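J.: Input: one structure, supplied below.
The values are calculated or read from the model by the stated rules, or taken from the named source; none is laboratory data. For clarity, every value in this text was computed on a predicted model and none was experimentally measured. When we count neighbours, we look across all protein chains shown, and the Cβ atoms used for this are built from the backbone with ideal geometry, even at glycine. The protein model used for the area step is the full one, side chains on, heavy atoms only, and it has no ligands, DNA or RNA in it. Shrake-Rupley method; radii C 1.70, N 1.55, O 1.52, S 1.80 Å.
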Amino acid sequence: MGDDLCVAEVESWAQGLAEVHALIGGRFARSEPRDHVLAYIRGLLSAEERKNSWTLSERAGDGTPDGMQRLLSSTDWDPDAVRDDLRYYVVDHLGDRGGVLIVDETGFLKKGTKSAGVARQYSGTAGRIENSQIGVFLTYATVHGRTFLDRELYLPKAWTDDRARCAAAGIDDDIEFATKPELAMRMLRRAHAAVVPATWVTADEVYGQHPGFRTTIEELGMSYVLAVPVSQHVIAADAKLAGEYRADELIAALGTQAWRTRSAGAGSKGDRYYDWARTRVRGTNHPDTAYWLLARRNRTDPTDIAYYLCHAPAKTSLAELARIAGTRWAIEETFETAKGETGLDHYQVRQYTGWYRHITLSMLAHAFLTVTRSKKGTQIPPTTTSLPCPSPRSADS
């Protein structure tokens with residue numbers, strides 16, 4: 001029985017990779033890069049400690065890394081087209097109308113000054129300002145699994161203001177500066193245009209405090225639970241509390257009777273319970289919808305309070321808002337598993353297009369892994385769910 005199961009798993013794995021290869025194969029005009037992209041994805045899924053062109057070439061039986069390096073540099077293929085294939089694959093296997101779109105960024109620590117977008121900037125990976133690249137990602141979470149949908153490389157103004165430097169890194173003249181929320185809005189619009197089934201959007205305060213980001217979600221007809229800083233100003237909708245407040249001031253004005261204990265979702269040790277309070281606030285008038293200021297309080301440290309702006313159907317329960325707020329940990333887990341299992345941060349490319357090519361293939365490998373585990377009725381093992389529900393944080397926008 002054990003041997004039969006092993007054979008069945010190997011056959012299932014091979015069939016799944018064949019599906020992925022068939023899905024993206026048409027994006028490559030010649031057989032050599034078509035073969036190399038499959039070998040590259042297989043390598044990303046392997047147990048290699050470092051998954052770069054050298055180790056993946058050796059694993060594929062190539063005498064030199066030239067083929068893999070060409071795949072990331074000079075071969076004629078469009079990583080955005082493969083990203084579209086990735087999105088189709090994820091929706092086909094994991095799609096659910098109640099899905100949640102999660103926006104966040106992650107840092108890629110780098111040496112030197114030539115890698116596209118590299119700068120001394122805040123990196124959540126390091127928890128401080130470091131020489132790094134920052135990628136903004138859109139993740140999709142459903143009851144079936146969670147994985148990537150889209151990505152954008154953040155280019156600081158020091159880059160976009162220096163067109164000679166951009167040209168040396170393969171960044172076209174038509175690529176201009178965009179803040180992280182603006183990059184996120186692009187990805188949300190692409191997901192909406194592709195009819196990705198999702199009801200909710202969640203993100204940390206870098207995005208939640210951006211009015212244009214919130215407006216974009218509303219215009220797309222979606223609901224949101226977005227972290228905001230303690231200093232976020234809101235206008236109370238309750239006549240008894242009429243006026244403008246900071247987020248912490250309005251929640252404090254509600255009194256102790258406003259707090260309820262609700263789960264932020266399951267973690268590796270069971271449900272993650274917090275105390276929650278909410279109150280209506282003013283927003284653009286949308287029929288049958290409402291705006292809330294939501295607060296999450298640590299049950300063992302009452303001074304640890306996070307704040308969220310919410311927009312959703314008027315009948316949405318507090319428990320549902322708490323659940324969506326707690327869903328944001330999924331992207332942290334996705335980053336960690338992608339870096340640990342599919343080489344998201346193992347690349348050795350400097351060019352702008354090379355970054356998109358490696359990152360897209362790593363995302364596709366992660367999606368394959370998620371789909372494979374979903375078919376077996378398992379999820380990617382929790383790696384961060386034993387930690388507290390992530391607190392909003394600040395970063396350069």
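J.: If you check Thr316, Thr360, which single one turns out to be of a type in the set (S, T, N, Q), open to solvent by less than 30 Å² (accessible area, probe 1.4 Å), more than 27 Å from Leu86 (Cα to Cα) and at pLDDT 95 or above?
T.: Among Thr316, Thr360, only Thr316 is of a type in the set (S, T, N, Q), open to solvent by less than 30 Å² (accessible area, probe 1.4 Å), more than 27 Å from Leu86 (Cα to Cα) and at pLDDT 95 or above.
J.: Of the residues that sit in the range 179-195 and are of a type in the set (A, V, I, L, M) and assigned to a helix (DSSP H, G or I), which one is surrounded by the most Cβ atoms within 10 Å (Cβ to Cβ)?
T.: The extreme case among them is Ala184.
J.: Next up: Being closer than 13 Å to His358 by Cα and among the basic types (Lys, Arg) is the filter; apply it to the range 67-116 and report the residue that is surrounded by the fewest Cβ atoms within 10 Å (Cβ to Cβ).
T.: Ranking the qualifying residues of the range 67-116, first place goes to Arg70.
J.: Within the group Ser123, Ser115, which residue is hydroxyl-bearing (Ser, Thr, Tyr) and out of contact with any helix residue (DSSP H, G or I) (no Cβ under 9 Å at 6 or more places or on another chain)?
T.: Unique residue meeting the criteria: Ser123.
J.: Under 8 Å between Cβ atoms, at least 6 apart or on separate chains: pull out the pairs that start in the range 253-268 with a residue that is farther than 15 Å from Thr279 by Cα and end on any residue that is open to solvent by 50 Å² or more (accessible area, probe 1.4 Å) and aromatic (Phe, Trp, Tyr).
T.: Thr261/Tyr273; Arg262/Tyr273; Ser263/Tyr273; Ala264/Tyr273
J.: Then there is this: Output the number of residues of the range 122-162 satisfying the condition of being part of a helix (DSSP H, G or I) and buried (at least 19 other Cβ atoms within 10 Å of the Cβ).
T.: Count: 1.
Okay, residues lined up against (1) assigned to a helix (DSSP H, G or I); (2) touching a residue at least 12 places away in the same chain (Cβ under 8 Å); (3) under 23 Å from Thr142 (Cα atoms):
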| residue | (1), (2), (3) |
| --- | --- |
| Pro287 | no, no, no |
| Ala295 | no, yes, no |
| Thr303 | no, no, no |
| Ala312 | no, yes, yes |
| Ala319 | yes, yes, yes |
| Ala330 | yes, yes, yes |
| Glu336 | yes, yes, yes |
| Leu344 | no, yes, yes |
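J.: Does the range 264-281 contain at least one residue that is of a type in the set (Lys, Arg), farther than 30 Å from Arg151 by Cα and surrounded by 14 or more Cβ atoms within 10 Å (Cβ to Cβ)?
T.: Looking for residues that are of a type in the set (Lys, Arg), farther than 30 Å from Arg151 by Cα and surrounded by 14 or more Cβ atoms within 10 Å (Cβ to Cβ), one finds at least one in the range 264-281, hence yes.
J.: Is the range 319-329 home to any residue that is of a type in the set (A, V, I, L, M, F, W, C), buried (at least 23 other Cβ atoms within 10 Å of the Cβ) and within 30 Å of Asp172 (Cα to Cα)?
T.: no
J.: Any chance the range 18-41 includes a residue that's open to solvent by 70 Å² or more (accessible area, probe 1.4 Å) and within 23 Å of the chain's Cα centre (by Cα)?
T.: For the range 18-41, residues open to solvent by 70 Å² or more (accessible area, probe 1.4 Å) and within 23 Å of the chain's Cα centre (by Cα): absent.
J.: Restricting to the range 361-378, count the residues that are polar (S, T, N, Q), over 15 Å from the mean Cα position of the chain (by Cα) and either assigned to a helix (DSSP H, G or I) or under 17 Å from Val349 (Cβ atoms) (or both).
T.: The qualifying residues number 2.
J.: OK, next. Can you tell me which residues in the range 199-218 are touching a residue at least 40 places away in the same chain (Cβ under 8 Å), open to solvent by 10 Å² or more (accessible area, probe 1.4 Å) and either of a type in the set (Ser, Thr, Tyr) or not in a helix (DSSP H, G or I) (or both)?
T.: Selection gives Thr199, Trp200, His210, Thr215.
J.: Examine the range 242-260 for a residue that is open to solvent by less than 20 Å² (accessible area, probe 1.4 Å), in a strand (DSSP E or B), modelled with pLDDT of 95 or more and touching a strand residue (DSSP E or B) at 6+ places or on another chain (Cβ under 7 Å), and state whether such a residue exists.
T.: Looking through the range 242-260, none of the residues is open to solvent by less than 20 Å² (accessible area, probe 1.4 Å), in a strand (DSSP E or B), modelled with pLDDT of 95 or more and touching a strand residue (DSSP E or B) at 6+ places or on another chain (Cβ under 7 Å).
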